[in-house]
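The values are calculated or read from the model by the stated rules, or taken from the named source; none is laboratory data. A quick note: this is a predicted structure, and the numbers were derived from the prediction, not measured. Neighbour counts are summed over all protein chains in view; Cβ atoms, including those assigned to glycine, are modelled from backbone coordinates with ideal geometry. Heavy atoms of the whole protein, side chains included, go into the accessibility calculation; ligands, DNA and RNA do not. Shrake-Rupley method; radii C 1.70, N 1.55, O 1.52, S 1.80 Å.
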Amino acid sequence: MDEGLLQERRIASMECAPETVIIGSSHVMYIPFDYENIYNAGMSGAYLGDYYSIVGLLKYYDKMPKRVVIGVDPWAFLRDATAGRQATINKYAVYLKNGIENESAFDDKHLRSKMAYSKLKELYSLSYFQSAKKSLEQNGFSAIEKTVSLADDAEMGAKQKILPEGRYVPPTAGFHNTDDIDKEINEQIKSGSIYQLGQGFTDVHSQRWKDFERLIKYLLDNGIEIQLYLPAWHPKVYELFATDDKFLGVIKLENDVRKLGEKYNIPVHGSYNPKFNKYNTEDFMDWLHLKPNKMYLDYQSIH
C-alpha cells in the first residue's frame, strides 16, 4: 500500500482542519491518543522528509491544525528534508522547504496542476474510505485487501485496520510472544544491523538537524503547539545503543531533542531509554514496538 498516496488523498479531501495531527513512524501509528478531533498521519519508517511532506500537505490544502505531535526516531535523520520514504508525496516536502526559506514560494500553486483531483471529495469521502475497496485497489492500493481492513471500530482481528482518524490497529498476529521477541532482538544484535539504522548511528547530519529545527520554528511561528515524543526501545536494543560507540548517536540525539524542547518551551514525552517507565519484553508487541496501551502510557510520561 502506498501510504504517502493515502495520506495525500485523505488530507486533500478533509472538510476542515483537525485540531491535532500526529506525525512520525509506526512508533506513533498505533497510539490511541485521547486528543479530540485528531488525525494520525504516521507512516511506516518515516524520515525527516516525511515530516516535511505531511506538514507540506497540511499547508497546501489549508488544513493546518492547532497542535502537532512529532514522534522523533533516530533514523529520521538519515535522509534530507526533501527525501522522504514516501516518494509520491516528496513534492510537498519541497513545497514546504521552499516556503520556509522564502515565504513567497507558498503563493506559487503550480503544484496543483500536477494533482488533478477534481473528484477527490466524491471519491475519498469517509463512506468511500470505509466501503469502496475495489476503487481503492484501482487507484494504487492493490495489496490492501490482503493485509489491511478499513474500518471504524478498533477491535483487533486477523487484519490490520486503519480507523477514520488515521490510527492503525495491529492484527492479533502482530503480538509476538516473549520468546519470539527475544529471538528477534538477538538476531538483530547478532547481525550488527538495527532496522533502518543499519550498522551504526554516530551523529545527526548538521544540515538535517537545522532543517528539523526550522520545521519546529515554522510551526511555532504560525501559532501551532508542538509536542515531541521519543518512543522507547526494547531494553536489550537500548543497552546496545548505550554501550556500542557505533550507536552512541541515539543517546546524543535524545539529549539534543531535550535541549531543543528547553529552547522553545516544548514538552518532550517519553524516552528512548525503557528504564524510565520500567518496560521489559512483556510490554512489547514485537521487538520494535511497545503494545499500543503501553505506547499511550509512554507518551503520557514527560521526563
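The number of residues in the stretch 182-194 being under 19 Å from Thr243 (Cβ atoms) and either surrounded by 14 or more Cβ atoms within 10 Å (Cβ to Cβ) or in contact with a Phe, Trp or Tyr (Cβ under 7 Å, 6 or more places away or on another chain) (or both) comes to 5. Can you find a residue in the stretch 83-92 that is of a type in the set (S, T, N, Q) and more than 21 Å from Gly198 (Cα to Cα)? Yes, the conditions are met somewhere in the stretch 83-92. Scanning the stretch 82-102 for residues that are assigned to a loop (DSSP other than H, G, I, E, B) and of a type in the set (D, E, K, R) turns up just one, Arg85. Looking across the stretch 66-75, the residues that are open to solvent by less than 10 Å² (accessible area, probe 1.4 Å), outside any loop (DSSP other than H, G, I, E, B) and closer than 14 Å to Ile23 by Cβ come down to Val68, Val69, Ile70, Gly71.
Here Arg167 passes the criteria (1) open to solvent by less than 20 Å² (accessible area, probe 1.4 Å); (2) under 21 Å from Val28 (Cα atoms) except the one numbered (1).
Could you check the stretch 9-30 and list, in sequence order, the residues that are part of a helix (DSSP H, G or I) and in contact with a Ser or Thr (Cβ under 7 Å, 6 or more places away or on another chain)?
Taking the stretch 9-30 first, the residues part of a helix (DSSP H, G or I) are 9-12, 26-29.
Passing the criteria: only Ser26.
Which ones in the stretch 226-253 are among the small types (Gly, Ala, Ser) and either open to solvent by less than 10 Å² (accessible area, probe 1.4 Å) or over 29 Å from Glu184 (Cβ atoms) (or both)? Those that are among the small types (Gly, Ala, Ser) and either open to solvent by less than 10 Å² (accessible area, probe 1.4 Å) or over 29 Å from Glu184 (Cβ atoms) (or both): Ala232, Gly249. In the stretch 37-49, the qualifying residues are those that are touching a strand residue (DSSP E or B) at 6+ places or on another chain (Cβ under 8 Å) and without any contact (Cβ under 8 Å) to a residue 60 or more places away in the chain, and the one that is nearest to Lys210 (Cα to Cα) is Ala46.
Restricting attention to the stretch 262-303 and to residues that are small (Gly, Ala, Ser) and crowded, with 19+ Cβ neighbours inside 10 Å, the residue that is nearest to Met156 (Cα to Cα) turns out to be Gly270. Filtering Asp211, Asp256 for residues that are touching a residue at least 40 places away in the same chain (Cβ under 8 Å), open to solvent by less than 70 Å² (accessible area, probe 1.4 Å), more than 29 Å from Lys278 (Cβ to Cβ) and not hydrophobic (A, V, I, L, M, F, W, C) leaves a single hit, Asp211. Mind checking which residues of the stretch 31-65 are part of a loop (DSSP other than H, G, I, E, B) and in contact with a Gly (Cβ under 8 Å, 6 or more places away or on another chain)? Within the stretch 31-65, Ala41, Gly42, Met43, Ala46, Tyr47 qualify.
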